[in-house]
Each structure stands twice: as structure tokens, then as C-alpha cells.
Amino acid sequence: MTARLQRDDEVMVIAGRDKGKRGKIQRMLPDSGKALVEGVNVVKRHLRAGAEGARQAGIIEKEMPIHAAKLMPVCPACAKPTRIAIKALEDGRKSRMCKKCEGMFS
Ligand SMILES: [Zn+2]
């Protein structure tokens, strides 16, 4: 199954509070249709020592998952946020193709 977004993709946020930010997908959460993106949707959490495995009290910053529909993959070839096409390769595998420059995603 070739997903529109995959782990380690660079993506741009196209809606919401972090619109315009770019980051790398750290984890996909297929059940909720969300993705965890480095530096995107960061919330501050105030923790006491011992709470939620915290080693010491303080404020930590943590990324929260963002809905995949708010993310646009950034093409590795032309470096623009783009829509993608799923293209079948000759050997039967599928690959993602940039609709702007027709470059292949890795
Ligand atoms: Zn491209």
C-alpha cells in the first residue's frame, strides 16, 4: 500500500495554527489519519516530577499529531509542496510522483 504520506517525508502544513511550517514526519498514526511532525503542533506541558514518566519537574514541549489532510508532501526533486500521483512501476511496485515536476519520491 502506497500512502500519500510516509514516515520521513518532509511536509508543509497547509491549514491551522502552524500553517506554512515545514517538518519531517516522525510517525504516521493510520488509525486516526494523523501524523506526528517534527516541530509542528507543539504544545507546552507543565509536569511535576514523576508525572507521565518525567524525570524532573518543568515545562516540556511536545509535538501533538496533526491531521494528514492539513499536510502537503514536499517534493524532494523540486522542493515544493505538491499533490502527488501514485504511479505503477514496471516491476509492479508503486511509487509516488510529484504532480508539478513529475519527479519520483524515494
Ligand atoms: Zn516536484
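Every number in this text was worked out from the coordinates using simple rules, so none of it is lab data. All values reported here derive from a predicted model rather than from experimental measurement. Here the Cβ is made from the backbone with ideal geometry for all residues, glycine too, and neighbour counts use every protein chain on show.
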In whole Hz, the Karplus estimates of ³J(HN,Hα) for the stretch 13-27 (6.51, -1.76, 1.60; θ = phi - 60°; x where Gly or Pro) are 7, 10, 8, x, 4, 9, 3, x, 6, 10, x, 9, 5, 8, 7
At a threshold of 8 angstrom on Cα-Cα distance, excluding pairs fewer than six apart, so keeping six or more, what relative contact order does the chain reach in percent? 22 percent
Could I have the simple spin-label model distance between residue 101 and residue 8, label points 7 Å from Cα toward Cβ, reported in nm to one decimal? 1.9 nm
Mind putting a number on the dipole of the stretch 10-98 about its Cα centre? Charges go on the C-beta only, +1 for Lys and Arg and -1 for Asp and Glu, and I need it in Debye to the nearest 20. 220 debye
GNM flexibility winner over the chain from 73, 65, 30 (Cα, springs under 10 Å): 30
Two pseudo-spin positions, 7 Å from Cα along C-beta at residue 24 and at residue 64, lie apart in nanometres by 2.5 nm
Could you give the longest part of the chain that holds none of the GluC sites (Glu not before Pro) found in DSSP loops with at most 13 neighbouring Cβ atoms within 10 Å? 1-89
List every residue whose amide H lies under 5 Å from the amide H of residue 34, counting only residues 5 or more places away in sequence or on a different chain, with H placed 1.01 Å from N in the peptide plane. 29, 68
